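Structure first, then comments.
Coordinate-derived values only; no laboratory data. Given the structure is predicted, the values throughout are model-derived calculations rather than measurements. Cβ placement follows ideal geometry from the backbone for every residue including glycine, while neighbour counts extend to all protein chains displayed.
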Amino acid sequence: MVKIKLFLEEVGKIMKPYPVYAVGGCVRDYLLNIIPKDYDFCTNASPEIIEKKIKESGKRAYLTGKRFGTIGCKINGEIIEITSFRSEEYTKGSRKPKVKYVKSISEDLYRRDFTINAMALRLTKKGLKLIDNHKGKEDLKNGIIKCVGTPRQRFKEDSLRMLRAVRFACRFNFKIEANTFKKMQERALTILDISKERWVMELDKILSCDNVELGLNLLWDSNLFRFMIPEMQSQRGFEQNSKYHNYTLDEHTIIVVKNIPKEDLNLRWAGLLHDIAKPFVQTHHPKGHCNYIGHGKLGADIVKRLARHLKFSNDRTDTIIELVENHLEENSILKPYDNIGKRK
């Protein structure tokens with residue numbers, strides 16, 4: 001876990017005499033004793049100065065994010081990003097923020113989504129110093145996902161943060177703070193303001209979690225499924241009244257998904273969607289149970305339309321449609337997982 005210190009030393013040399021802070025996810029992961037995947041740094045220098053300093057150090061400056069104040073470079077073979085202190089201003093009726101550069105680390109941290117992501121580390125003569133204005137370390141210790149400032153403002157700025165809250169809770173097995181979760185339920189409709197590509201990026205990460213069960217329950221309870229995949233919301237508490245199942249439909253779906261290896265993301269998507277048509281084909285048998293004739297075929301048709309809506313790749317679309325339509329066949333790779341939890 002000394003890597004973050006070494007990076008701070010190297011970035012500090014590049015940016016001298018400007019102060020440099022490690023920020024965001026790498027600080028959170030460092031405090032959780034997790035090796036960070038990405039390293040982000042910020043400073044009070046302008047993007048032009050950051051670019052100049054990087055080039056003066058003999059390194060190549062990556063300028064893809066320059067308009068947002070971010071310049072990249074390679075250190076020890078890894079790409080890191082250095083960003084000018086900034087805040088974001090939102091014009092009424094627009095979802096695109098205007099970047100405003102600020103002078104202090106405190107102002108920069110205040111714009112961030114959750115307290116656990118709103119901490120910074122600075123290298124001093126005495127070692128690493130934590131800047132934690134929003135009690136993020138305490139929330140890490142207590143396993144809490146909580147918005148910086150007011151949840152209404154944070155979610156108004158970017159509705160995708162609701163999905164990020166679910167993802168972080170799922171990844172770390174944390175609870176979402178009550179007021180934050182209440183505001184998610186109230187503002188779930190605004191997820192429709194976000195591009196489907198950004199939805200899928202977050203949903204893929206949720207479905208790839210070890211604790212996917214928590215993520216799926218939060219998607220139902222937060223009302224996000226209601227507006228993202230309405231057919232999935234119909235599964236919540238749906239009594240199957242089947243000769244073959246002991247569980248409600250949402251419980252069965254969770255059991256199927258969590259037993260599929262997380263490395264097979266398309267199969268997990270198929271597990272999530274395999275019974276998506278059941279509530280729409282339910283018929284009542286004279287003997288008292290219910291049948292779901294044709295739910296595989298109708299499910300495949302629903303998935304075909306959903307795949308276009310979510311802008312899946314052709315490969316993912318074809319794979320999931322085939323799996324959903326034929327999940328009852330003996331040779332289906334989804335069938336063993338579908339059988340888990342059925343009535344013995």
Each residue of the stretch 30-43 in order: what ³J(HN,Hα) in whole Hz does its phi give by Karplus 6.51 cos²θ - 1.76 cosθ + 1.60, θ = phi - 60°, with x for Gly and Pro?
-> 4, 5, 8, 6, 10, 6, x, 8, 10, 10, 10, 10, 9, 7
If the cut-off is 15 Å between C-alpha atoms, which aspartates and glutamates fall inside it for LYS55, apart from same-chain ones fewer than 8 positions away?
-> GLU10, GLU81
GNM, the chain, Cα, under 10 Å: largest mean-square fluctuation among HIS284, HIS274, HIS134?
-> HIS284
Only helices counted: for the chain, with every DSSP H run of 4 or more residues adding -39500 (n - 2.57) and the sum spread over all residues, [θ] at 222 nm is -13000 deg cm²/dmol
Mind putting together the pair-distance distribution for the stretch 58-198? All Cα pairs, 10 Å bins, whole percent per bin, short to long.
-> 11, 32, 38, 17, 2, 0
Name the long-range amide H neighbours of TYR62: under 5 Å, sequence gap of 5 or more, or other chain; modelled H, no Pro or chain starts.
-> GLY72, CYS73
For LYS335, go through the lysines and keep the ones whose alpha-carbon is under 22 Å away, minus same-chain ones fewer than eight residues off.
-> LYS243, LYS258, LYS262, LYS278, LYS297, LYS304, LYS344
For the chain, longest principal axis from Cα atoms; helix 295-310 axis from its Cα atoms; angle between them, nearest 10 degrees, is 20 degrees
Rg over Rh [alpha-carbon atoms, Kirkwood Rh] for the stretch 151-228 | 0.92
Quick one: helix 196-207 against the long Cα principal axis of the chain, what's the angle to the nearest 10°, folded into 0 to 90?
-> 80 degrees
What is the log10 of I(q)/I(0) for the chain, computed with the Debye formula using one identical point scatterer on each Cα and no solvent, at q = 0.06, 0.07, 0.10, 0.15 Å⁻¹?
-> -0.28, -0.37, -0.70, -1.22
Please tell me the relative contact order of the chain in percent, rounded to the nearest whole number, where contacts are Cα pairs under 8 Å and at least six residues apart.
-> 10 percent
Relative packing of 288-294, 234-240, which averages over residues the other C-beta atoms within 10 Å, highest first = 234-240, 288-294
Could you check what % of the DSSP bridge pairs in the stretch 49-161 are antiparallel, to the nearest 5?
-> 100 percent
A correct Karplus calculation of ³J(HN,Hα) over the stretch 230-244, with 6.51 cos²θ - 1.76 cosθ + 1.60, θ = phi - 60°, whole Hz and x for Gly and Pro, returns x, 4, 5, 4, 5, 6, 4, x, 6, 7, 6, 6, 10, 5, 10
Taking amide H positions as placed in the peptide plane 1.01 Å from N, state which residues far from SER87 in sequence (5 or more) or on other chains have amide H under 5 Å from it.
-> LYS100, TYR101, VAL102
Mind checking the log10 I(q)/I(0) for the stretch 249-339 at q = 0.15, 0.22 Å⁻¹? Debye, one equal scatterer per Cα, no solvent, two decimals.
-> -0.55, -1.10
Which percentage, to the nearest 5, of the DSSP beta bridges contained in the chain is antiparallel?
-> 80 percent
Taking the chain as the reference, fit the longest principal axis to its C-alpha atoms, fit the long axis of helix 3-15 to the helix C-alpha atoms, and give the angle between the two in degrees, 0 to 90, nearest 10.
-> 50 degrees
FRET efficiency for ILE34 and GLU197, Cβ-Cβ distance as r, R0 = 25 Å, nearest 0.05?
-> 0.40
Cα-based reach from LYS196 at 15 Å (exclusive), listing aspartates and glutamates while leaving out same-chain residues under 8 positions away = ASP158, ASP204
